[in-house]
Amino acid sequence: MNSHMMAAVLYGKEHLQVEPVAVPTIDRGDILVRVKVALTCGTDVKVFRRGYHARMIVPPAVFGHELAGDVVAVGEDVKAFSVGQRVVAANSAPCQECYFCRRGLENLCEDLLFNNGAYAEYIRIPARIVDRNTYLIPAHVDYRDAALVEPLACVVRGWEETAPRPGDTVAIIGLGPIGLMFVKLAKLSGCRVVAIGQRRTQLERAAAVGADDLITASEGLNAVKTARNLTHGRGVDIAIEAVGKPQTWEWAVNMVRRGGTVNFFGGCPNDSTVRLDTSLLHYSEITCKASFHHTPAYIRKALELVCAGHVAASFFVNREEPLANLLEVMRHLMSHNGHLKTAILP
Ligand SMILES: [Zn+2]
Ligand SMILES: [Zn+2]
């Protein structure tokens, strides 16, 4: 095998280069994967814009975290995988020993190990992720469907933690790939979906995934009133915020019914604050929660949904580009919101 490969290296704010780097060397418990597809992710775009991410990546570093590919080398201690297998590896693995892991909150692990470098010909999967969060892709599943597993796992976990019931009316604010995944899961759970987005194309996509009612968010605060009107003024049973803006967090709280649940799924910029009406929260018994990241159990659930054909890349990925075009792709995704994912083919 070659000693060098092409890989995207993130140097800082809006600064990345696709350049030759050494093919990663692997340790006894690691595997080396030939990346067949890497998907762009809103988090990557955010990291590209800001130049860093406190927990996930510290530049200069190889970049990208949603991938599927083929095993091309295994460390001498690896028993579970062999060369030639098709695999999907999550972007993190928990320590399984800390306070949080022992309580089943592995997404909050104090020592969550993150892995980046999917925008490259090859990626090293470190031993801990090989052991706890790497899975075979069944023959009937495409690489790009399998690569959806990481973001989907976050969404499946967020959805389950919100405790929906069949027949609930669920407002989903924000219709990027994450919001659309929520639309899909809500429909699979037998809920009525009110999809709230800014752009017509996003609303059309939500309808294609199964949304029952569409609200154009550019009508400003009317989104709240419109959502309430759709439920005879009562408010929706569940509101999911998948934008990551303080204003839409407040919308979510204002559109749920008494006793309803809000999930603040979209992370806002650092130091953001929101205003919450305390008597509304108290007298209406509104539950506010947030969900972050995934656990190995949810990666497995997400993979099951993909393997069963319930979730497919065709709804969430609408473009493919060679690795060499990654800088242009990132700039494009940064300058317009409302995009689906791009499949990068290294
Ligand atoms: Zn992601
Ligand atoms: Zn831990």
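The values are calculated or read from the model by the stated rules, or taken from the named source; none is laboratory data. Small disclaimer: the values here were computed from a predicted structure and weren't measured. For neighbour counting, all protein chains shown are included, and Cβ atoms are generated from backbone atoms with ideal geometry for every residue, glycine included. Surface areas here come from the heavy atoms of the whole protein model, side chains and all, with no ligands, DNA or RNA. Shrake-Rupley method; radii C 1.70, N 1.55, O 1.52, S 1.80 Å.
Remarks
- Residue pairs meeting the criteria (Cβ under 6 Å; at least 6 apart or on separate chains; first over 14 Å from L327 (Cβ atoms), in the stretch 53-66; second open to solvent by 20 Å² or more (accessible area, probe 1.4 Å) and not in a loop (DSSP other than H, G, I, E, B)): M56/F114; P59/Y11; P60/Y11
- Unique residue being out of contact with any Phe, Trp or Tyr (no Cβ under 8 Å at 6 or more places or on another chain), among the hydrophobic types (A, V, I, L, M, F, W, C), surrounded by fewer than 15 Cβ atoms within 10 Å (Cβ to Cβ) and modelled with pLDDT of 95 or more when the list is A290, A297, A302, A313: A297
- Of all the residues in the stretch 123-159, those that are open to solvent by less than 40 Å² (accessible area, probe 1.4 Å) and under 30 Å from Q85 (Cα atoms) number 24.
- The one condition from (1) in a loop (DSSP other than H, G, I, E, B); (2) without any contact (Cβ under 8 Å) to a residue 24 or more places away in the chain; (3) away from ligand 2 (no atom under 16 Å from the Cβ) that D111 does not meet is (3).
- Screening A54 with (1) modelled with pLDDT under 95; (2) over 20 Å from the mean Cα position of the chain (by Cα) gives one miss only, at (2).
- Spans of helices (runs of 4 or more DSSP H) in the stretch 256-346 with at least 1 residues under 30 Å from K13 (Cβ atoms) and among the charged types (D, E, K, R): 326-335
- Count - residues of the stretch 249-281 that are touching a helix residue (DSSP H, G or I) at 6+ places or on another chain (Cβ under 8 Å) and in contact (Cβ under 8 Å) with a residue 60 or more places away in the chain: 5
- Residues satisfying the stated conditions in the stretch 25-51, i.e. open to solvent by 40 Å² or more (accessible area, probe 1.4 Å) and either touching a Phe, Trp or Tyr at 6+ places or on another chain (Cβ under 7 Å) or more than 16 Å from ligand 1 (Cβ to nearest atom) (or both): T25, I26, D27, R28, R34, K36
- Residue within the stretch 110-118 that is more than 16 Å from ligand 1 (Cβ to nearest atom) and open to solvent by less than 20 Å² (accessible area, probe 1.4 Å) present: no
- Condition check for V329 on (1) in contact (Cβ under 8 Å) with a residue 60 or more places away in the chain; (2) more than 26 Å from V156 (Cα to Cα); (3) open to solvent by 40 Å² or more (accessible area, probe 1.4 Å): one failure, at (3).
- Note on the stretch 52-69: residues that are part of a strand (DSSP E or B) and open to solvent by less than 20 Å² (accessible area, probe 1.4 Å) amount to 5.
- Remark: pairs (first residue in the stretch 12-28, in contact (Cβ under 8 Å) with a residue 60 or more places away in the chain and basic (K, R); second residue part of a loop (DSSP other than H, G, I, E, B) and open to solvent by 60 Å² or more (accessible area, probe 1.4 Å); Cβ separation under 9 Å; 6+ apart in sequence or on different chains) = R28/E76; R28/D77.
- Scanning the stretch 234-256 for residues that are on the phi > 0 side of the Ramachandran plot and either open to solvent by 30 Å² or more (accessible area, probe 1.4 Å) or over 23 Å from the mean Cα position of the chain (by Cα) (or both) gives a single hit, G235.
- Filter result (more than 28 Å from E66 (Cα to Cα) and either β-branched (V, I, T) or open to solvent by 50 Å² or more (accessible area, probe 1.4 Å) (or both)) within the stretch 160-179: R165, P166, G167, T169
- Close Cβ contacts (under 6 Å, 6 or more residues apart or on different chains) running from residues in the stretch 294-319 that are in contact (Cβ under 8 Å) with a residue 40 or more places away in the chain to residues that are of a type in the set (D, E) comprise T295/E106; V306/D145; A312/D145; A313/D145.
- The residue of the stretch 189-233 that is farthest from G158 (Cα to Cα), among those that are within 26 Å of the chain's Cα centre (by Cα), among the β-branched types (V, I, T) and part of a helix (DSSP H, G or I), is T201.
- Answer residue from the stretch 70-99, given it is of a type in the set (A, V, I, L, M, F, W, C) and open to solvent by 60 Å² or more (accessible area, probe 1.4 Å) and is nearest to ligand 1 (Cβ to nearest atom) among those: A80
- Filtering the stretch 122-137 for residues that are more than 16 Å from ligand 1 (Cβ to nearest atom), in a loop (DSSP other than H, G, I, E, B), modelled with pLDDT of 95 or more and of a type in the set (K, R) leaves an empty set.
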